[in-house]
Structures are given as structure tokens and as C-alpha cells.
Amino acid sequence: MALAHLQYPLQTPKNSSTSSRQQQTKKQLLQPMLEKAGDAIAVLDPSGTLLEVNAAACHLFGRSRRTLVGKPLATFIKPVLDITFDVNQVSLNGQITIICPKGIERHVEYTLTHNVYPQVHLAIFRDLTQRQAQAEEELRWQRQRVELFSEVTLKIRQSLQLKEILRATVTEVQRILRADRVLIYQVLADGTGKPISESVLPAYPAILGMEFPEEVFPKDYQTLYAQGRVRAIADVHSPNAGLADCLVEFVEQFDIQSKLIVPILQNLNPPSPSPENSQNQLWGLLIAHQCSGPRTWADFELELMQQLADQISIAIAQAQLLETLEERVAARTAQLQKMNHNLQQEINDRMQAEAALRQSEEQLRLITNALPVLIAYVDHQQKYRFNNKAYEDWLNQRPADIQGSHLQSVWGEACYRRMQPSVEAALDGAVVTYENEVMVHDGSTRSVNVTYIPHLDEQQTVQGFFALTSDISDRKAIERMKDEFIAVVSHELRTPLTSMHSALKILATGRLGTLSVDGQQMLEIADDNTERLVRLVNNVLDLQRIESGEVTMDKQAHNAADLMIQAMEAMQPMAGQQGVTISAYPKDILVWADADYIVQTLTNLLSNAIKFSLTDGVVTLTIEVRPTPEDKTKKEVLFQVCDQGQGIPADRLENIFQRFYQVDSSDSRKKGGTGLGLAICRKIIEQHEGTIWAESTLGAGSIFSFTLPTLKR
Ligand code: ADP
């Protein structure tokens with residue numbers, strides 16, 4: 001039987017007035033209940049005619065009550081799977097499709113209760129279309145959520161720009177949640193804060209960049225959020241929201257009706273396996289606002305916001321890491337740039353210094369090459385490190401061949417043996433000047449004057465020495481010629497001088513007639529000067545003979561005491577005349593010497609000592625054996641003549657051993673000297689392989705010393 005054959009159940013029964021009243025009362029009670037019910041309810045008679053519908057049913061069917069009541073239900077439905085709807089037979093539950101105006105179809109589920117009254121059935125409809133739409137909507141939301149989530153995650157992964165990530169997040173969240181405003185609020189250290197990213201519908205005020213005082217966001221709120229609390233306020237005006245009046249006023253400024261707040265936390269600890277130990281800091285909040293009206297926030301919306309907040313905190317951590325890295329990279333880059341700059345500067349300085357050095361070296365080379373002397377630098381291994389062009393001219397060797405070569409290989413063994421003591425002395429730190437004979441490339445020999453000047457480093461260690469070698473061959477030749485000339489002249493002078501001296505002596509005796517007092521005086525002057533001239537000529541000849549090697553020392557073992565006494569006795573008359581005392585301390589020491597020449601040396605020294613002493617002065621003559629200064633294991637004999645005379649200036653102590661050198665040029669006249677005595681003494685002592693020198697204190701006296709080797713057995 002078709003549904004349309006249902007009979008109307010709530011019609012007034014005809015049999016009893018009591019039951020009619022009762023039914024009337026029931027109807028009055030049921031009617032409002034039916035009306036208020038949320039579900040669509042229809043009352044049907046057994047033929048399926050709609051006897052009554054409530055408001056929800058009218059809404060579901062899309063038609064007025066008047067249109068529906070009295071009409072068979074079949075008019076408004078489509079059979080499902082060709083099953084004819086028989087109100088008396090159909091199952092208690094099922095699904096049908098309702099045809100609404102404008103061809104709209106609604107898929108509904110029904111529940112049929114038979115005979116709620118006799119011959120009256122009750123049908124309850126639930127709109128499946130809406131539920132399906134809701135389910136679909138739900139699904140779509142979920143998909144969008146997943147999409148958004150993966151999109152934002154991707155952006156976070158792809159971009160390290162925090163600002164960009166935050167902007168993308170608020171835009172997407174606003175779009176997906178269809179919220180009126182979504183923002184990210186950063187909490188600052190002092191409790192204040194400000195929205196740093198916002199997406200808001202144009203109808204509502206923007207709050208981006210505004211700074212909010214701490215009162216708006218009190219500390220205890222911050223503490224709760226730091227613990228991960230999420231807050232969803234459906235209606236800010238509702239007493240359930242628990243917002244203080246001032247806060248409600250505050251949110252009203254921005255048209256906020258409803259809000260959802262999730263914290264963005266930062267983990268302060270390094271990653272730990274136990275999350276309960278981790279300590280979180282509230283970085284900020286992800287906030288969604290509804291301004292159009294109250295809004296109940298769905299669980300998945302909360303969840304989505306939380307997940308995004310987590311992603312944001314990852315992005316913040318990454319951005320901070322990047323910032324730190326960038327800072328470090330920037331600092332390191334700046335450091336490297338500075339180092340690079342300094343290095344470049346250093347290179348430039350060095351290049352300039354090298355160029356200056358090259359230039360000064362070039363100048364030095366030009367200067368040294370222009371000089372007619374040999375200039376060189378010899379290192380501590382006695383190897384040439386620098387030499388000027390003169391070496392090339394002398395030795396016919398290129399400077400490059402000489403550089404790095406040992407002295408011995410450059411000059412040959414014999415020459416090197418002569419220079420070796422001076423080289424060693426220079427490497428010991430002494431300035432050395434000596435004369436040498438060197439053979440040059442054409443086989444000729446040249447006399448040279450050599451000076452070595454030690455080169456000391458900052459620690460005063462000798463690194464090498466500078467060697468200056470000048471050719472004195474010409475000077476030597478002239479000197480030789482001069483000596484020879486003097487010798488010849490002296491020799492030629494000696495014979496006539498001797499006879500003149502003898503003649504004057506005879507005249508002085510008066511045997512050939514008496515002279516006037518003036519004549520006698522003139523004669524004495526002539527005698528004195530002739531005597532001096534004879535002495536001079538003798539000295540010149542002596543010196544020349546010794547220097548030329550004409551004289552060979554006749555060395556024998558002698559008792560030094562004998563030689564000292566002999567010299568002292570010879571000088572006694574002169575000392576007596578001058579009122580000077582000679583104190584000699586002879587010792588029996590054997591010396592290997594030419595007795596005459598050593599006595600001559602001692603006599604010369606004693607004569608000078610007496611000459612330059614004051615009356616009543618004492619001249620002492622001593623002798624001792626002492627270790628040699630160079631080698632303490634060897635011995636030598638030291639003779640010393642000491643006086644208390646005028647003394648000699650320190651800078652003349654070496655000069656006085658040169659020929660014709662006198663400290664005071666009037667000495668030759670006043671003291672009758674020739675300036676040759678000490679030069680002869682030095683030659684004699686050198687011939688004995690000894691040394692002679694003078695020490696003096698001006699005004700206090702002088703000491704003349706010479707050494708002789710001890711007797712050779
Ligand atoms: P001289 O014949 O002039 O003495 P010497 O060669 O013996 O020549 O001495 C050279 C010079 O040395 C002297 O003229 C004198 O100026 C100085 N001299 C030498 N001995 C002494 C001395 N004992 N005291 C001071 N001056 C001296």
C-alpha cells in the first residue's frame with residue numbers, strides 16, 4: 001500500500017467527548033514539542049498522507065506546512081532503488097530522496113514509528129545531504145590543513161628568511177581558517193610585545209607594528225603560554241571568556257569578537273631525550289581573530305594552529321642559527337679582509353723596502369765599483385759574501401765566482417797563511433790593520449794595506465767582517481827609494497862628517513890656537529850639531545841596514561842581567577848629568593838574542609827615559625818571565641823601562657814608533673833626538689820575534705816594554 005493512503009491520525013474521534021477532550025489536550029501538548037524539535041517530523045496516516053509536519057520538516061522539504069499537509073508523502077519523494085514505499089511495510093529505518101522546489105534534492109534518513117496512535121505513524125527525517133556536505137567540508141578542511149601545513153613546512157624549509165616565513169604563515173592561516181585577522185605577536189624581554197606579521201581583512205583595523213604594554217599581556221598569562229597553553233575564546237563578551245573589562249575594551253578597539261591563541265615556544269635547552277627536562281621560553285603567539293562575530297573554534301583548527309606554531313619555532317631556531325652563522329661569517333669575513341689588507345700592506349711595504357734595498361745596493365755597488373780599493377764582506381766561515389769590481393780587475397775572476405768562495409781559495413795558500421792571524425782576530429771582534437804582499441792575476445806582487453772591521457749583530461756576535469784592501473805598492477816603492485837615497489846620502493855624509501867632527505874636536509882642545517870666548521862658543525855649537533848629525537846619519541844607516549835585511553841578528557844565549565847592567569852602565573854618565581837615578585833590577589834569565597842589539601835597545605829606552613825625566617827623577621829597569629797573552633802555557637821575557645817624566649799623550653803611543661816622529665818637534669833641538677830611536681828599537685825587537693809598546697800617564701811617566709821569547713833549547 002502506498003504511503004499516500006495513510007489516514008490523518010489526529011482527527012477528532014467521533015465516539016466519545018471525553019476522549020476527544022483528552023486528545024485535544026494531548027494535541028495541545030504535542031504541538032509545541034513538535035514545532036520546537038530540531039529534527040524534521042511528519043505524521044502520516046496508513047495511506048502515507050501527511051497529516052502534520054513540524055517547522056523543521058517544512059524547512060527540510062522547502063515547502064510550507066499548507067503545501068505539505070493533506071498531500072501524500074510520495075508526492076515529494078523519489079523511490080529509492082525502485083522500492084515502493086509502503087508505510088505499513090517499510091522497515092523502520094531507511095533513506096529516501098526528498099524533491100524540493102527548483103529541482104533541489106535532499107538525501108534524508110528516516111525513522112518510522114508505526115501506530116504512535118492507532119492508524120497514525122510518525123516519521124522523523126534527518127538531512128543526510130547537509131551531513132554529507134559537512135563531512136565533505138570537514139574533509140576539505142582537513143585536506144587544506146594538510147596542504148597548508150605541508151606548504152608552510154616547505155616554505156620554512158626552503159626559506160631561511162624568518163620575515164617571509166611569518167608573512168606566508170599568517171596569510172595562509174587567515175585564508176584557510178577564514179579568520180578575519182591572523183597575526184604573529186612577538187613577546188619582548190621586558191614583557192611588552194608587538195605584532196610583527198599580520199594578515200587582516202580590509203574591513204578591520206590593522207594592528208601590525210603596534211607596541212602593546214605589559215598590562216595587555218600580563219606576566220601570569222605569559223607563564224601559562226610558556227607552559228604551552230592554548231586559548232580559544234569563542235566570544236570575548238561572554239562571561240565564560242573570563243576577560244577583564246579593561247581587556248574587553250582593549251580588544252573591542254580592534255573589533256575582536258573571538259580569538260584563538262597558541263604559543264610559539266623556543267626550547268632553551270640543547271636537544272634532550274627527556275622532554276620533561278626541557279625548558280621553554282615564550283617567543284610569541286600565533287593569534288587568529290574573528291571580528292565579524294563570535295566563533296567556536298574547531299578542534300582541528302586548534303591543532304593546526306599548534307602545529308604551525310611548532311613549525312614557526314623551528315623556523316625561528318633556524319633563522320637564529322643562520323643569523324649567528326651569518327654574523328660569524330661576517331665577522332670572519334671582516335677579519336679576513338683586514339688580514340688581507342694588512343697582508344697586502346705588508347707585501348707593498350716589503351716590495352718598497354726591497355726596491356729601496358735594491359736601489360741602495362745598486363748605489364753601493366756603483367760607489368764601491370768606482371773605488372780603486374778592494375771592498376768585500378767576509379762571513380764567519382771566511383767566505384766572500386760581497387766584493388766589488390776591483391777584485392775582478394786584480395784577480396781576473398768574476399764577482400759571482402768569488403762570492404761564496406773561501407779566502408784561501410781566492411788568495412792562495414801562502415798569502416792566506418799571512419792573512420790568517422788577522423782574519424781570526426777580526427772574527428774575534430777586533431779591528432785589524434796590517435800589511436801584506438799579494439800576488440795578482442798577471443803574476444806580479446803587490447803590497448797592500450788591509451783593514452778588517454768586524455760586523456756585530458744585535459746580540460754583539462760577530463757575523464763576519466768588512467775587508468778594505470788598498471794597493472800601497474807605489475808608496476812602498478817610493479819609501480824604498482827614499483830609504484835607499486837616504487842611506488846613500490847618509491853613507492856619503494858619514495866620512496866627511498866624521499872628519500869634520502874630529503877637526504872640530506881638535507880645534508876645541510886649543511892645540512891649534514886659542515879662540516875668543518865667542519869663537520869658543522861657536523865651536524861648541526858646531527861640535528854639538530856635528531855630533532847630532534853623525535848620530536842621525538848612524539841611526540839612518542842602522543835602520544836602513546836592519547830593514548833591508550842587510551844585518552842578520554847574531555842570536556845566542558845570554559844572561560839578561562849582563563845585558564841590563566851593560567846598558568845601565570853606559571847610561572850612568574848621562575843620568576848623572578841630568579840628576580836622574582837609574583834603578584835596575586837585573587835577574588839571571590837566559591835570553592836568545594843578539595846582545596849588541598838588545599843592549600842598543602835598552603840603551604835607547606834608558607836614554608829617552610832619562611831625557612824626558614825631571615831632575616831627581618828615578619828610572620827603573622826591570623825584567624820578568626810571564627805567560628804569553630795569546631797562549632798562557634807559553635812563556636816570554638818582559639823588559640820594562642819606567643820613568644816619572646812628562647808622559648806621552650795616549651793617541652801618540654803608537655806613532656812614536658814611526659820614523660822621525662816626535663811628540664814635540666822641538667825635542668830634536670832641545671833634547672838632541674833624531675826621531676829614529678824607537679823605530680830602530682821596534683825593528684830590532686821584531687827581528688827577535690818580540691813586541692815593543694809604550695804605556696803612559698801624562699804628567700806621571702811612561703813605561704816602555706818589550707818581550708823576547710824564552711830561550712829555545
Ligand atoms: P828621539 O831621538 O827624538 O828620542 P825616539 O824615536 O827615541 O826619538 O823617540 C821619539 C819620540 O818619542 C821622542 O821625540 C819623544 O817625543 C817621545 N818619547 C820617547 N821616549 C819618551 C819618554 N820616555 N818620555 C816621553 N816621551 C818620550
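The values are calculated or read from the model by the stated rules, or taken from the named source; none is laboratory data. The structure displayed is predicted, hence computed values, not measured ones. All Cβ positions, glycine included, derive from the backbone under ideal geometry; neighbour counts span all protein chains shown. To get the accessible areas, we keep the full protein, side chains included, count just its heavy atoms, and leave off ligands, DNA and RNA. Shrake-Rupley method; radii C 1.70, N 1.55, O 1.52, S 1.80 Å.
Do we find that THR368 is surrounded by 10 or more Cβ atoms within 10 Å (Cβ to Cβ), at pLDDT 85 or above, closer than 24 Å to HIS455 by Cβ and of a type in the set (S, T, N, Q) in this structure? Here the answer is yes, as THR368 does meet what is asked. Residue-level analysis places GLY404 outside the set of residues that are modelled with pLDDT of 90 or more and within 26 Å of PRO629 (Cβ to Cβ). In the condition set (1) part of a helix (DSSP H, G or I); (2) in contact with a Phe, Trp or Tyr (Cβ under 9 Å, 6 or more places away or on another chain), LEU366 is compliant with all but (2).
In this structure, does LEU711 turn out to be touching a Leu at 6+ places or on another chain (Cβ under 6 Å) and either open to solvent by 30 Å² or more (accessible area, probe 1.4 Å) or hydroxyl-bearing (Ser, Thr, Tyr) (or both)? So that I can check it myself, show each step before the final result.
Working: touching a Leu at 6+ places or on another chain (Cβ under 6 Å): yes; either open to solvent by 30 Å² or more (accessible area, probe 1.4 Å) or hydroxyl-bearing (Ser, Thr, Tyr) (or both): yes.
So LEU711 passes the test.
Tell me, yes or no, whether region 535-545 has at least one residue that is hydrophobic (A, V, I, L, M, F, W, C), touching a residue at least 24 places away in the same chain (Cβ under 8 Å) and more than 20 Å from GLY675 (Cα to Cα). No, there is no match, as no residue in region 535-545 is hydrophobic (A, V, I, L, M, F, W, C), touching a residue at least 24 places away in the same chain (Cβ under 8 Å) and more than 20 Å from GLY675 (Cα to Cα). Quick check on my filter: what residues within region 617-626 are within 11 Å of the ligand (Cβ to nearest atom) and either of a type in the set (A, V, I, L, M) or under 60 Å from the mean Cα position of the chain (by Cα) (or both)? Correct list: VAL619 only. One residue alone among ASP349, ASP393 is part of a helix (DSSP H, G or I) and assigned by TED's automatic domain parsing to the domain that holds MET439, and that residue is ASP393.
Please enumerate the residues belonging to region 214-231 that are surrounded by 12 or more Cβ atoms within 10 Å (Cβ to Cβ) and in a loop (DSSP other than H, G, I, E, B). Matches in region 214-231: PHE217, PRO218, GLY228, ARG229, VAL230. Residues of region 131-164 that are among the polar types (S, T, N, Q) and either open to solvent by less than 80 Å² (accessible area, probe 1.4 Å) or modelled with pLDDT of 75 or more (or both): GLN132, GLN134, GLN142, GLN144, SER150, THR153, SER159, GLN161. Could you grab me the full set of residues in region 671-706 that are more than 9 Å from the ligand (Cβ to nearest atom), buried (at least 21 other Cβ atoms within 10 Å of the Cβ) and either of a type in the set (Phe, Trp, Tyr) or part of a strand (DSSP E or B) (or both)? If the condition is that a residue be more than 9 Å from the ligand (Cβ to nearest atom), buried (at least 21 other Cβ atoms within 10 Å of the Cβ) and either of a type in the set (Phe, Trp, Tyr) or part of a strand (DSSP E or B) (or both), then PHE706 is the only one that fits.
Out of all the residues in region 568-584, which are among the small types (Gly, Ala, Ser), under 17 Å from CYS642 (Cβ atoms) and either open to solvent by 70 Å² or more (accessible area, probe 1.4 Å) or out of contact with any strand residue (DSSP E or B) (no Cβ under 8 Å at 6 or more places or on another chain) (or both)?
Result: no residue meets the conditions.
Taking the criterion of being in contact with a helix residue (DSSP H, G or I) (Cβ under 6 Å, 6 or more places away or on another chain), within 8 Å of the ligand (Cβ to nearest atom) and more than 19 Å from SER583 (Cα to Cα), would at least one residue in region 639-658 satisfy it? Checking region 639-658: at least one residue is in contact with a helix residue (DSSP H, G or I) (Cβ under 6 Å, 6 or more places away or on another chain), within 8 Å of the ligand (Cβ to nearest atom) and more than 19 Å from SER583 (Cα to Cα).
Could you check, for region 179-189, whether at least one of its residues is without any contact (Cβ under 8 Å) to a residue 60 or more places away in the chain and of a type outside the set (A, V, I, L, M, F, W, C)? No: region 179-189 contains no residue that is without any contact (Cβ under 8 Å) to a residue 60 or more places away in the chain and of a type outside the set (A, V, I, L, M, F, W, C). Name the pairs whose Cβ atoms lie under 6 Å apart, with the first residue in region 600-616 and assigned by TED's automatic domain parsing to the domain that holds LEU698, the second polar (S, T, N, Q) and near the ligand (Cβ under 8 Å from one of its atoms), and 6 or more positions between them or separate chains? Every condition considered, the pairs that remain are PHE612/GLN646. Checking each residue in region 604-634 for being surrounded by fewer than 19 Cβ atoms within 10 Å (Cβ to Cβ) and β-branched (Val, Ile, Thr) picks out THR615, VAL618, THR620, THR622, VAL625, THR628, THR633.
Conditions tested, residue by residue: (1) open to solvent by less than 30 Å² (accessible area, probe 1.4 Å); (2) at pLDDT below 90; (3) assigned to a strand (DSSP E or B).
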position: SER422; (1), (2), (3): yes, no, no
position: ALA430; (1), (2), (3): no, no, no
position: ASP442; (1), (2), (3): no, yes, no
position: PRO454; (1), (2), (3): yes, no, yes
position: ALA467; (1), (2), (3): yes, no, yes
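Before we move on, is SER360 more than 42 Å from the chain's Cα centre (by Cα) and assigned to a helix (DSSP H, G or I)? It is false that SER360 is more than 42 Å from the chain's Cα centre (by Cα) and assigned to a helix (DSSP H, G or I). Residues in region 355-395 that are in contact (Cβ under 8 Å) with a residue 12 or more places away in the chain and of a type in the set (D, E, K, R): ARG365, ASP379, LYS383, ARG385, LYS389. For PRO629, the conditions (1) near the ligand (Cβ under 8 Å from one of its atoms); (2) within 60 Å of the chain's Cα centre (by Cα); (3) not charged (D, E, K, R) all hold with the exception of (1).
Might you check whether a residue that is under 51 Å from the mean Cα position of the chain (by Cα) and on the phi > 0 side of the Ramachandran plot occurs anywhere in region 151-160?
Looking only at region 151-160, we keep the residues that are under 51 Å from the mean Cα position of the chain (by Cα), and these are 151-160.
The next check asks that each one be on the phi > 0 side of the Ramachandran plot; those that pass are none.
Looking through region 151-160, none of the residues is under 51 Å from the mean Cα position of the chain (by Cα) and on the phi > 0 side of the Ramachandran plot.
What residue, among those in region 180-199 that are farther than 13 Å from VAL170 by Cβ and in a strand (DSSP E or B), is most open to solvent (accessible area, probe 1.4 Å)? Here the answer is LYS194.
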